[in-house]
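Single-structure report; data block below.
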Amino acid sequence: MRLGFEGKVALVTGAGSGIGAAVSRQLAEEGAEVVIADINAEAAEETVAVIRSNGGRARNFTVDVTDAAAVERLIDFTVQQCGGLDMAVNNAGIDGARKPTADYPLDIWHKSMNVNLNGVFYCMKYEIPAMLAGGGGAIVNMSSVLGSVGLPFSAAYTAAKHGVLGLTKVAAIEYARMGIRINAVGPGWIETTLLSEHSEASGSRRMAALQPMGRRGTPEEVASLVCFLLSEQAAFITGSCHLVDGAYSAH
């Protein structure tokens, strides 16, 4: 099933590795021109190189999503260099500390909120006007299965990802009649660098092994859902969260 991305412009944050890189590759394979945005310039360049080696179109932009002015420059770059913005995946995110709520370090709390929640807000703040100028578009915000359930010792990450769901629903309602669809995707335990770091710190590797499907997901499995939600195949889907968690949240 072709998703009809030929001639479309897509932006993906946190696209230097993991889920963001997988989404970017699939978007390019479906014909989109992709702006690869990441705080790690070298990682972003690697994703661009992979896409180009496979015949796709991509360019990179180094950005810190906690800096609203930098995000505005990213959107300006995308519109000026690519001619507009049709699709966006706000994927940049970080893990937090493994501490009980009362012992949670304030600096890590604020950093997690800045990246995982404020960063999504800043992206939408500037993406939406660019999409309105072009007649509409589609946005996917990367939440988490922890946007739907709780996990002990993960207060900041869990709170931020719940916040992403609320932000997604509000914006989806506001722009539903203006041609912009906004959804969230909630990955479960996916084989990424972030999960590896989380597992080593907290023993969550054992927890992931106990999930109903008996395995972790892959970035490509998340990317397939993201690309579907961005496509016209999902024309009546907006304001909702779609889990890719191997039934982890069904317990």
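The values are calculated or read from the model by the stated rules, or taken from the named source; none is laboratory data. What you are looking at is a predicted structure, and each value in this text was computed from that prediction instead of being measured. Please note: Cβ atoms are built from the backbone with ideal geometry, for glycine as well, and neighbour counts cover all protein chains shown.
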Assuming residue 45 fulfils every condition listed in (1) in a helix (DSSP H, G or I); (2) in contact (Cβ under 8 Å) with a residue 40 or more places away in the chain; (3) in contact with a strand residue (DSSP E or B) (Cβ under 7 Å, 6 or more places away or on another chain); (4) not basic (Lys, Arg) apart from one, which condition is it? (2)
For residues that are in contact with a Gly (Cβ under 7 Å, 6 or more places away or on another chain) and more than 18 Å from residue 115 (Cβ to Cβ), scanning just the stretch 148-175, find the one that is surrounded by the fewest Cβ atoms within 10 Å (Cβ to Cβ). 173
Take the residues of the stretch 212-236 that are closer than 28 Å to residue 8 by Cα and over 17 Å from the mean Cα position of the chain (by Cα): which is surrounded by the most Cβ atoms within 10 Å (Cβ to Cβ)? 234
When you go through (1) among the β-branched types (Val, Ile, Thr); (2) surrounded by fewer than 21 Cβ atoms within 10 Å (Cβ to Cβ); (3) part of a strand (DSSP E or B) one by one for residue 35, which number turns out not to apply? (2)
Looking at 88, 92, which one is in a loop (DSSP other than H, G, I, E, B), within 17 Å of residue 71 (Cα to Cα) and within 14 Å of the chain's Cα centre (by Cα)? 92
Could you list, in sequence order, all residues of the stretch 95-113 that are assigned to a helix (DSSP H, G or I) and buried (at least 17 other Cβ atoms within 10 Å of the Cβ)? 108, 109, 112, 113
Selection count where residues are more than 17 Å from residue 35 (Cα to Cα), among the small types (Gly, Ala, Ser) and touching a residue at least 60 places away in the same chain (Cβ under 8 Å), scope the stretch 123-158: 4
For the stretch 123-145, does any single residue satisfy the condition of being in contact with a Leu (Cβ under 8 Å, 6 or more places away or on another chain), at pLDDT below 95, part of a helix (DSSP H, G or I) and not polar (S, T, N, Q)? yes
